[in-house]
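Q: Structure incoming, see below.
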C-alpha cells in the first residue's frame with residue numbers, strides 16, 4: 001500500500017505545480033500579446049490574447065476543481081466536492097467550443113472583409129505562443145488519460161499550440177506574399193481540428209454529469225465479474241457512476257447461496273472490483289431463498 005500512496009502523493013504535487021506553472025506562463029503571454037497587438041493595431045493578436053485569457057480561466061477552474069476534490073466530506077456534502085471536477089470538465093469543453101465559434105466567426109468575417117496586417121510582428125509573437133502553449137501542454141500530457149480535467153487542460157493548450165502555429169504560418173506567408181486572406185483560411189482549418197479533438201471531452205463530461213457509466217467500464221462485464229465469484233447466485237439493481245473524474249462508485253444487490261459466508265464473498269467481490277478500478281463499492285446481500293429480486297415491490 002505504501003508505494004501506491006507515495007505515487008498518488010507525487011502525482012498530486014506534480015499536477016499542482018503543472019497548473020501553477022501553466023497559469024503563470026499563460027498570463028505572462030497574454031499581457032505580452034495584448035501589448036504587441038495594441039502597438040501594431042493587430043486585431044488578430046488582440047483576439048488571440050482574449051482567447052488565451054479564456055484558457056487561463058479554464059486552467060484556474062481546473063486547478064480549483066482539482067483542489068476541491070481533496071476537501072473532506074461534511075454533513076451537507078457527504079461526498080465532499082468531488083462532483084465539481086465533472087462540472088468543471090463539462091464547462092471547459094463548452095469554453096473550448098465557444099472559443100472555436102469565435103475563431104470561425106472571425107475567420108468568416110476576415111474572408112469577406114480582409115484587413116492589412118504586419119505579418120512579421122504576428123509571426124514572431126505567435127512563435128513565442130507556440131513555445132509557451134506547447135510547454136504547458138507537455139506539463140499535462142502524461143496525466144491526460146487519468147483525469148478529464150487534466151485532459152481538458154491538455155486539449156486547451158494543445159489547441160492553442162495549433163492556433164499559434166497557424167498564426168505563425170499565416171504571418172510568414174503574409175510577410176512574403178501580402179496574401180492577407182491566408183489568415184482566415186488557416187483559422188477555419190484550425191477550428192475544425194479543435195472541434196474533432198474536443199468532441200471526446202464533451203461526450204465524456206456529459207456522460208459523467210448524467211451519472212452514466214464511465215467510459216472504459218462495461219456494466220455487463222462488471223455484473224458478470226460479480227456473478228463469477230464463488231457463492232454468488234445472481235446480481236441485480238447494479239448501478240455504476242462517477243463520484244469524480246477519477247473515482248468510480250458501484251452499488252448492487254447480490255444474491256448468495258449462504259449468508260454465513262457473506263463476509264468472505266464480500267471481500268472476494270470488492271477485491272475483483274478494485275482490480276477493475278472501482279473502489280467505492282456498496283453491496284446489499286440477499287439469501288437466495290428470500291431474494292427481493294422476485295418481489296415486485298423491492299427497488
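Q: All but one of (1) without any contact (Cβ under 8 Å) to a residue 60 or more places away in the chain; (2) closer than 20 Å to residue 167 by Cβ hold for residue 136; state the number of the condition that does not hold.
A: (1)
Q: State all residues of the range 156-178 that are surrounded by fewer than 23 Cβ atoms within 10 Å (Cβ to Cβ) and within 20 Å of the chain's Cα centre (by Cα); if no residue qualifies, say none.
A: Matches in the range 156-178: 158, 161, 162.
Q: Looking at the range 118-140, is at least one residue within 22 Å of residue 244 (Cα to Cα) and either in a helix (DSSP H, G or I) or touching a helix residue (DSSP H, G or I) at 6+ places or on another chain (Cβ under 7 Å) (or both)?
A: Yes: the range 118-140 contains one or more residues that are within 22 Å of residue 244 (Cα to Cα) and either in a helix (DSSP H, G or I) or touching a helix residue (DSSP H, G or I) at 6+ places or on another chain (Cβ under 7 Å) (or both).
Q: Scan the range 60-86 for residues that are closer than 15 Å to residue 247 by Cβ and either touching a helix residue (DSSP H, G or I) at 6+ places or on another chain (Cβ under 6 Å) or crowded, with 16+ Cβ neighbours inside 10 Å (or both) and jot them down.
A: 65, 66, 68, 69, 80, 81, 82, 83, 84, 85, 86
Q: While we're looking at this one, here's another question. Being closer than 30 Å to residue 176 by Cα and more than 13 Å from the chain's Cα centre (by Cα) is the requirement here; does residue 75 meet it?
A: no
Matching residues to (1) over 9 Å from the mean Cα position of the chain (by Cα); (2) in the same structural domain as residue 242 (by TED's automatic domain parsing); (3) surrounded by fewer than 23 Cβ atoms within 10 Å (Cβ to Cβ):
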site: 122; (1), (2), (3): yes, no, no
site: 138; (1), (2), (3): yes, no, yes
site: 145; (1), (2), (3): no, no, yes
site: 153; (1), (2), (3): no, no, no
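Q: Further question: Checking the conditions here, which among 259, 213, 232, 255 is touching a strand residue (DSSP E or B) at 6+ places or on another chain (Cβ under 7 Å) and closer than 26 Å to residue 90 by Cβ?
A: Result: 213 is the single residue among 259, 213, 232, 255 that is touching a strand residue (DSSP E or B) at 6+ places or on another chain (Cβ under 7 Å) and closer than 26 Å to residue 90 by Cβ.
Q: So, one more: Restricting attention to the range 92-104, which residues are closer than 20 Å to residue 34 by Cβ and modelled with pLDDT of 80 or more?
A: 95, 98, 102
Q: Still on this structure, I have one more. Check off (1) in contact (Cβ under 8 Å) with a residue 24 or more places away in the chain; (2) out of contact with any helix residue (DSSP H, G or I) (no Cβ under 6 Å at 6 or more places or on another chain) for residue 200 and give me the number that stays unchecked.
A: If we test residue 200 against (1) in contact (Cβ under 8 Å) with a residue 24 or more places away in the chain; (2) out of contact with any helix residue (DSSP H, G or I) (no Cβ under 6 Å at 6 or more places or on another chain), just (1) comes out false.
Q: Ok, one more. Taking the condition of being touching a helix residue (DSSP H, G or I) at 6+ places or on another chain (Cβ under 6 Å) and at pLDDT 80 or above, how many residues in the range 25-59 meet it?
A: Residues in the range 25-59 being touching a helix residue (DSSP H, G or I) at 6+ places or on another chain (Cβ under 6 Å) and at pLDDT 80 or above: 10 in total.
The values are calculated or read from the model by the stated rules, or taken from the named source; none is laboratory data. Here the structure is a predicted model, which is why all the values come from computation and not from measurement. We place every Cβ from the backbone using ideal geometry, glycine too, and count neighbours over all the protein chains shown.
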